[in-house]
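This report refers to the structure that appears directly beneath it.
Coordinate-derived values only; no laboratory data. Here the structure is a predicted model, which is why all the values come from computation and not from measurement. When we count neighbours, we look across all protein chains shown, and the Cβ atoms used for this are built from the backbone with ideal geometry, even at glycine.
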Amino acid sequence: MSFLNFWTIDNYLSLLLIMVMAIGSIFALFQWNSSIKIRRTEFLDEIINKLWFDADMAKTMHMIDNNPSWYTEDFNKSYSDLGYQIDKLLSYFDFICYLRYIKNLSANEFSVIRYEIDRTCASPSVQAYLWNLYHHSNRIEAGCSFMYIIDYGINEHIIDREFKNNNENLFRKYMKF
């Protein structure tokens, strides 16, 4: 403690300033962390609202749940309202799976909407549609637009691991590939 006897007022003021800055930095860190949590909650709320309260999305989810055989040969003949709605929902889920893949959604945040994505991936018609799109895209050397939901379904064992193989015994072939 003898070294404190040689300190000047400037030394004490500098020490006080450093302590105030440290306390202020800790307070700012807590505020920033709280702000991030609020933003993430708002973002998750937007995802949920769009999925559950957008009439088109809710209607499409209901159709996927209650009509397991909507994907037929006629589906690809003309781009119908149903095709648009299916693509809209799958694009939305693909984006959510992308956010999960790049770790912008935590496991807890993803769990809030995981059930809907799992139900969609488990649909035989969704799987057949994605299978046809995937292999058609490969044939024309274009990337499949729903790769993140396909990879999610395969990794979670919802979609058969043979999905990426051109095994025509897995699904009916409705597109040219």
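Rounded to the nearest 0.05, the FRET efficiency derived from the C-beta distance between SER35 and ARG114 at R0 = 30 Å is 0.70. Of LYS37/LYS88; LYS50/LYS103; LYS88/LYS173; LYS37/LYS103; LYS88/LYS164; LYS50/LYS164, which ones are farther than 26 Å apart at the Cα? Listed pairs above 26 Å: LYS37/LYS88; LYS50/LYS164. Couplings 3J(HN,Hα) of the range 41-50, computed from phi: 5, 4, 5, 5, 4, 4, 4, 5, 4, 5 Hz, in residue order, whole Hz [Karplus 6.51 cos²θ - 1.76 cosθ + 1.60, θ = phi - 60°; x for Gly and Pro]. Counting only Cα atoms, I'd like the Rg/Rh figure for the range 1-40, Kirkwood definition for Rh. Here the Rg-to-Rh quotient is 1.35.
With contacts taken as Cα pairs under 8 Å at a separation of at least 6 residues, the chain carries a relative contact order of 21 percent. Overall size of the range 108-168 from C-alpha positions, given as principal axis extents largest first: 37, 20, 17 Å. Sorting 69-81, 130-142, 15-27, 52-64 by average packing, meaning the other beta carbons within 10 Å per residue, from highest down gives 130-142, 52-64, 69-81, 15-27. Local charge for ALA122 was computed over the other residues whose Cβ lies under 13 Å away, with Lys and Arg +1 and Asp and Glu -1, and equals -3. A simple count of charges around ILE64, restricted to other residues whose Cβ falls under 13 Å of its Cβ and scoring Lys, Arg +1 and Asp, Glu -1, yields -2.
State the extension gain, in nm to one decimal, for the chain segment bounded by LEU82 and ASN169, taking 0.36 nm per residue of separation less the distance between their alpha-carbons. Answer, rounded to one decimal: 28.7 nm. Compactness check for the range 44-177: Cα Rg over 2.2 N^0.38 Å is 1.02. Each residue of the range 19-34 is assigned a 3J(HN,Hα), and the resulting list reads 5, 5, 5, 5, 5, x, 5, 5, 4, 4, 5, 4, 5, 5, 4, 5 Hz, derived from the Karplus form 6.51 cos²θ - 1.76 cosθ + 1.60 (θ = phi - 60°), x at Gly and Pro. Summing +1 for each Lys or Arg and -1 for each Asp or Glu among the other residues whose beta-carbon sits under 15 angstrom from that of TRP32 gives +3. Close amide H pairs (under 5 Å, H built 1.01 Å from N) link MET175 with no residue at least 5 positions away or on another chain. The protection proxy used here, the mean number of other Cβ atoms lying within 10 Å of each residue, ranks peptides 30-37, 97-104 as follows, highest first: 97-104, 30-37. The tail of the calculated P(r) for the range 1-119 beyond 18 Å holds 68 percent of all Cα-Cα pairs.
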